[in-house]
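Written out below as structure tokens is the structure these notes cover.
The values are calculated or read from the model by the stated rules, or taken from the named source; none is laboratory data. This is a predicted model, so every value here is computed, not measured. When we count neighbours, we look across all protein chains shown, and the Cβ atoms used for this are built from the backbone with ideal geometry, even at glycine.
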């Protein structure tokens, strides 16, 4: 969130990335583990930096050449620092001799594909109020952040929606992996036991529902109401608009800084059309275990 | 209190519960549409105008073809998604 509104909002950095670099965005939790061509290439670059232990995070900003040589690394924020890093890298850059890489080996575990015949739905989350006045620029960014993820719908579930039903397994996936406050980073997902009430139905193309989610200690929870529309044309879902809104409370290990007490959170769902690079990203809840995401246990 | 003031007072009593309901934001088509619009990433946000690749090998090939260095935004969680 912070990088988006600081480093990658800087006009000079944007211009350099558009014209003088090849920008790529990755969840390094995949690449540092992948036993394939892409994983090897990433580890060659990251291994030359300060975060060379691939059992731990290697997150940061890397500048590299196509032969896999690391040119620069930084994991700090702030446009000025990154702009200087980029300018220095460009000044020293000499294109190396290298071979174009193709995925000769593909570690399938880390390359999940959306279910064939299914749907990809864009999921956005936003806190609608409840924050105290921000103390600095960074807090201000967090407080206005809109999170993005994707919901995957299987072929069978797609067919059920076409037939006018909202499948229970889809309701459970939607609640456990997507009714979350991911506006400040990676949040914990809900376990089966934490789903206290789940009632999502569809009639005449309209979705309605009530969901109550709460941890065993009650330290985190979300009571939400859902409303939505599903349009079907020629045997396919062509519109899936849904919003969940309600009171959320608490935070996870990596999502500190939530508003005090209960606060309004809204999560929206809209069909992806492939026009956004983020449409290709696997759901956060499917990380390393797509089956567990598609068939929650 | 004049009749006019009584009338305004009575009108206010009638209106206040309606405002409170709107304040609590009961669901209706307008609220639904407003929420869908508000809880969405705007496509013209500055960082989204950058032509991000999501495949490192595709970036490597492009880097080679265009003689440009690769800029990798590597995060915990996908940078175009939740972090």
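Does residue A:60 fit the bill of being in contact (Cβ under 8 Å) with a residue 12 or more places away in the chain and within 20 Å of residue A:254 (Cα to Cα)? Here the answer is yes, as residue A:60 does meet what is asked. Whether a residue is under 19 Å from residue A:4 (Cα atoms) and touching a helix residue (DSSP H, G or I) at 6+ places or on another chain (Cβ under 6 Å) was assessed, and residue A:82 passes this test. In the stretch A:145-166, the count of residues that are on the phi < 0 side of the Ramachandran plot, modelled with pLDDT under 95 and more than 9 Å from chain B (Cβ to nearest Cβ) is one or more. Each residue in the stretch A:51-76 was checked for being under 15 Å from residue B:75 (Cα atoms) and either touching a strand residue (DSSP E or B) at 6+ places or on another chain (Cβ under 8 Å) or surrounded by 15 or more Cβ atoms within 10 Å (Cβ to Cβ) (or both), and 12 of them qualify. The set of residues in the stretch A:82-116 being modelled with pLDDT under 95, assigned to a helix (DSSP H, G or I) and surrounded by 14 or more Cβ atoms within 10 Å (Cβ to Cβ) consists of A:109, A:110.
Residues considered: A:9, A:25. Of these, the only one that is modelled with pLDDT of 95 or more and within 20 Å of residue A:75 (Cα to Cα) is A:25. If the condition is being more than 16 Å from residue A:182 (Cβ to Cβ) and more than 14 Å from chain B (Cβ to nearest Cβ), then the stretch A:232-254 contributes A:232, A:233, A:234, A:235, A:236, A:237, A:238. Counted as qualifying within chain B are the helices (runs of 4 or more DSSP H) with 3 or more residues that are at the interface with another protein chain (Cβ under 8 Å from one of its Cβ atoms), closer than 30 Å to residue A:129 by Cα and at pLDDT below 95, namely B:29-38.
Can you name the residue in the stretch A:177-207 that is under 24 Å from residue A:139 (Cα atoms) and touching a strand residue (DSSP E or B) at 6+ places or on another chain (Cβ under 6 Å) and is also nearest to the other protein chains (Cβ to nearest Cβ) among such residues?
First, pick out the residues of the stretch A:177-207 that are under 24 Å from residue A:139 (Cα atoms): A:178-189.
Filter once more, keeping what is touching a strand residue (DSSP E or B) at 6+ places or on another chain (Cβ under 6 Å): A:178-179, A:181-183.
Numbers: A:178: 11, A:179: 13, A:181: 10, A:182: 4, A:183: 9 Å.
So the residue we want is A:182.
Of the strands (runs of 3 or more DSSP E) lying entirely inside the stretch A:1-81, those containing at least 3 residues that are within 8 Å of chain B (Cβ to nearest Cβ) are A:22-27, A:60-64.
Got a sec? Which of A:140, A:135 is part of a helix (DSSP H, G or I) and loosely packed, with under 15 Cβ neighbours inside 10 Å? Outline the logic, then answer.
Working: A:135 fails: part of a helix (DSSP H, G or I).
Being part of a helix (DSSP H, G or I) and loosely packed, with under 15 Cβ neighbours inside 10 Å holds for just one of A:140, A:135, which is A:140.
Among the residues of the stretch A:275-297, those identified as away from chain B (no Cβ under 12 Å) and either modelled with pLDDT of 90 or more or within 17 Å of residue A:180 (Cβ to Cβ) (or both) are A:289, A:290, A:291, A:292, A:293, A:294, A:296.
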